[in-house]
Structure formats: structure tokens, C-alpha cells
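Trainee: I'd like to ask some things about the structure below.
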Amino acid sequence: MSKDFSKTYTKRALTIHQQIELLEKRGLIINDREEVSHYLQHIGYYHLSTYFKIFQDDNIFIQNTSFEDVLKVYRFDKRLRLVFQNTLEMIEKSFRANLSNHLSIKYDNPFYLTEGPQKENFTPLLQSAIKKSKEPFLDYYKNTYSNSYPPIWMLIQIISWGELLHMYNFLERDDKQSIAKKYGY
């Protein structure tokens, strides 16, 4: 399906007052205009529009929908995201620590420079991470030690989650199994 680029976007920005009028025109019950104004200023109409849609049918609010109803869903979503974010951060930190511990103890440093699949898969990834990193501990390492490459336990802290999983995917089977055992797999 090809896109039709002949259509021009024509919606104009609305003031907070105009946004409130539009919401009321569409049937949203607003009990406290000042409160709604506050949320529109600090969260934004466009961000809240995702939550408005839950209570709308063809841009018209379902009967008896209030701004408080929308705000309850927004707040629930925010709390749920924080719970997931906290949990995922704990999982990521644990995985980083276990991967780092395993690789640091089992292999000589810098093992990722030795011949084999790890060299062709890890070395470019880690070199790129070193170049991009603005971590003070890495600057300190570079300015203090003559070694060309930092130890793996430092590097694991600067790579992204995706890069970390990429690294794990290229480990030998027994390395993967050893790390997985720590999680009951």
C-alpha cells in the first residue's frame, strides 16, 4: 500500500482554554477547570489523548465520562509502568552481574579479544561502546592504565540491554547454561 502524500496536516495548536472547550464540546465532564488546566499544562493534551480515546466513540466521550475518570486510568498506567520498570531494572542488573561474574572468572581478560566467535562478535560491539561511553569510571581507566581494553566487568556496565543480549547469544552453550542455572533454568 503506497502512501498518499497529497494530504496536508492542517490542525492548529489550541490554547489550554480552547482545549478544555473542545473536551467539553465532545462531552467530557469537567468539574474543576483549574485542575484540568493544570494537567493539560504539565502532562499535555496530546499525551492525555491516548487516555481520552478509551472513553470515546468517534471522538465523542461516552456519557457521564469525567476528567477524573481519565485521570484515574492515567495514574493507574503510570503506577503500573513504574512497577514494570523497577522489576525490569532488577532483572537487568542481576543478568549483568551474573554475566560479568561468569565471564570474568572463567576467562582471562580481555577474553573478548581472543580468537573465536567472541572476537568477531564481541570486539566490535565493545569497541563501539567504549568510543560512545561518557562514563567517568571508563575515562579514569583510560587515563590511569596502559591496558588498551578495560576488563569485561567494566564493559558490561556500558553496553545497552540489546547489546548485552547479543553478547549472551554468542556465548558457548556451556557458558549460557552456567548463567541460566543461576535463574533455575
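Trainee: Being open to solvent by 90 Å² or more (accessible area, probe 1.4 Å) and in contact (Cβ under 8 Å) with a residue 12 or more places away in the chain narrows it down to one residue among Gln56, Gln85, Gln63; which is it?
Mentor: One residue alone meets the criteria, Gln63.
Trainee: Considering only the range 146-185, state which residues are outside any helix (DSSP H, G or I) and of a type in the set (Lys, Arg).
Mentor: Lys182
Trainee: Further, regarding this structure: Determine which member of the set Ser133, Ser100, Ser160 is more than 21 Å from the chain's Cα centre (by Cα) and modelled with pLDDT of 85 or more.
Mentor: Ser100
Trainee: List pairs: first in the range 130-147 and basic (Lys, Arg), second surrounded by 10 or more Cβ atoms within 10 Å (Cβ to Cβ) and part of a loop (DSSP other than H, G, I, E, B), Cβ under 9 Å, 6+ apart or cross-chain?
Mentor: Lys142/Pro150
Trainee: If you don't mind, another one. More than 19 Å from Ile105 (Cβ to Cβ), open to solvent by 80 Å² or more (accessible area, probe 1.4 Å) and among the charged types (D, E, K, R), is that true of Lys181?
Mentor: No: the conditions fail for Lys181.
Trainee: Next up: Looking at the structure I just gave you, is Lys93 modelled with pLDDT of 90 or more, in a helix (DSSP H, G or I) and open to solvent by 60 Å² or more (accessible area, probe 1.4 Å)?
Mentor: Taking the combined requirement at face value, the residue satisfies it.
The values are calculated or read from the model by the stated rules, or taken from the named source; none is laboratory data. Remember, it's a predicted structure, so these values are computed and weren't measured experimentally. Glycine also receives a Cβ, built like all others from the backbone with ideal geometry; neighbour counts cover every protein chain displayed. Surface accessibility is based on the protein's heavy atoms, side chains included, excluding ligands, DNA and RNA. Shrake-Rupley method; radii C 1.70, N 1.55, O 1.52, S 1.80 Å.
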